[in-house]
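Have a look at this one before I ask anything.
No value in this document is a laboratory result; all are computed from the given coordinates. Since we're looking at a predicted model, the values are computed, not measured. Methodologically, a virtual Cβ is constructed for each residue, glycine included, from the backbone with ideal geometry; neighbour enumeration extends over all protein chains shown.
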Amino acid sequence: MTQTTFGGDWTRQKLEILSRYLDAYTTALKNQQFRLIYVDAFAGSGYWNPKSEYAPEDYGDFHEVVKGSASKALDIRDKSFDQLVFIEEDPERSESLKGLSPEHRDIRIINDDANVALPKFCAAMSGRDRAVVFLDPFKTEVSWGTVEIIARTEKIDCWILFPIMAITRMMPVKNEPGHALSAHLDRIFGERRHWRNVYSIPAQLPLFGDEQPRQRESGTEQIADRYRERLESVFKRVAPTRRQLKNSTNTPLFELFFAASNPRGAPKAVGIADHILRYW
Ligand SMILES: C[S@@+](CC[C@H](N)C(=O)[O-])C[C@H]1O[C@@H](n2cnc3c(N)ncnc32)[C@H](O)[C@@H]1O
């Protein structure tokens, strides 16, 4: 089985929060007639070795092999998921996921781009299906169109790892991004106006004849707030708390958001997720 190297302490936090939610979710719905599905859209190989192939300051320096999100979801026992869907674009990691499949469990492994596989999954959901989707990319792989399709199902709760460091680097402070970066940001935020409004003309008077470039405040808060607004525009509810995941030098890498799409279930789902985000 391939053991992948992904993250450090922040990865543990992310997995702990996810596990606690999955456990609470299946328990809360266990007496209802729904088919409960877990979708790991960036599933990895099932395990990760926190001693990283990436920058040590970003990913920590742990040495043991730890269960990844797909394995953690399989471990939910009080009431287990009726089906687990593991999407992974990398063929070797996808192959490795097959090693996780215990007998008598309904597991689908899809070797594809999550932005292709998730819309198909959403379109095929039946009226009695309910799902938790975990979006755990390395960087900026999640397209806004995919998030919107998830929200429209009204059947899915979604954990979203928003790559704040990568996106902050794409958005210079003293000038707006160029064409290629702007197109990339459009794909992440849906439309240009949703990210471009963090840029404004600076308050000081321009020098005669000078055209002032638009600038943004330094830091990550405004950008994370914009994404949160996007989530609120399509989901029924978004957890008020988000978890900032930082590396060992205290640099924010990701913001972990939770959003619920089902009109009846969203208040309870968000209550549980928000509690976990605050206290764990
Ligand atoms: C951060 S890792 C996931 C870690 C995993 N959730 C865990 O806890 O072990 C991101 C994974 O997404 C995969 N990936 C990258 N781009 C993808 C895409 N567009 N669609 C599906 N998988 C993708 C990578 O190969 C990698 O295994």
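Counting only residues 5 or more places away or on other chains, whose amide H sits under 5 Å from the amide H of residue 237 once H atoms are built in the peptide plane?
For residue 237, the qualifying residues are 260.
Still on this model: Relative contact order for the chain using alpha-carbon pairs under 8 Å, separation at least 6, rounded to a whole percent?
Across the chain, relative contact order equals 19 percent.
Name the long-range amide H neighbours of residue 108: under 5 Å, sequence gap of 5 or more, or other chain; modelled H, no Pro or chain starts.
84, 85, 86
Please rank 132, 198, fewest neighbouring Cβ atoms within 10 Å first, as an exposure proxy.
The most exposed by this proxy come first: 198, 132.
At a Cα cut-off below 20 Å, give the lysines reachable from residue 30, other chains included and same-chain residues fewer than 8 away excluded.
Straight-line reach from residue 30, under 20 Å: 72, 79, 155, 268.
Same structure, new question: Which FRET efficiency value, to the nearest 0.05, do you get for residue 90 and residue 183 by plugging their Cβ-Cβ distance into 1/(1 + (r/R0)^6) with R0 = 22 Å?
About 0.35, to the nearest 0.05.
Still on this structure, I have one more. Taking amide H atoms as placed 1.01 Å from N in the peptide plane, list the residues 5 or more away in sequence, or in a different chain, whose amide H sits under 5 Å from that of residue 214.
176
Over all directions, how big on average is the projection of the convex hull of the alpha-carbon atoms in segment 128-197, in square nanometres?
The Cα convex hull of segment 128-197, projected and averaged over all directions, gives 5.1 nm².
Output wanted: per-residue J couplings in Hz (rounded whole) for segment 37-45, from phi through Karplus 6.51 cos²θ - 1.76 cosθ + 1.60, θ = phi - 60°, x for Gly and Pro.
Listing the rounded values in order: 10, 10, 10, 9, 7, 9, 6, x, 10 Hz.
Apply the Karplus parameterisation 6.51 cos²θ - 1.76 cosθ + 1.60, with θ equal to phi minus 60°, to every residue of segment 125-139 and state each ³J(HN,Hα) to the nearest whole Hz, in sequence, with x for glycine and proline.
5, 8, x, 9, 8, 9, 9, 10, 10, 10, 9, 10, x, 5, 9
Still on this structure, I have one more. Rounded to the nearest 500, what is the chain's calculated 222 nm mean residue ellipticity when only DSSP H runs of at least 4 contribute -39500 (n - 2.57) each, over all residues?
-11000 deg cm²/dmol
Under the 0.36 nm per residue contour assumption, what length would be gained going from the current alpha-carbon distance of residue 279 and residue 126 to full extension?
51.6 nm
Could you work out the Rg to Rh ratio of the chain, with Rh taken as the Kirkwood radius (inverse of the mean 1/r over all Cα pairs)?
A ratio of 0.99.
On to the next question. Assuming 0.692 mPa s and 37 °C, estimate D for segment 93-252 with Stokes-Einstein, Rh taken as the Kirkwood radius over Cα pairs, in µm²/s.
Calculated translational D: 180 µm²/s.
Ranked from highest to lowest mean number of other Cβ atoms within 10 Å per residue, what is the order of the peptides 182-190, 80-88?
In decreasing order of mean packing, 182-190, 80-88 become 80-88, 182-190.
Between residue 80 and residue 35, 0.36 nm times their residue separation minus their Cα-Cα distance comes to what?
15.1 nm
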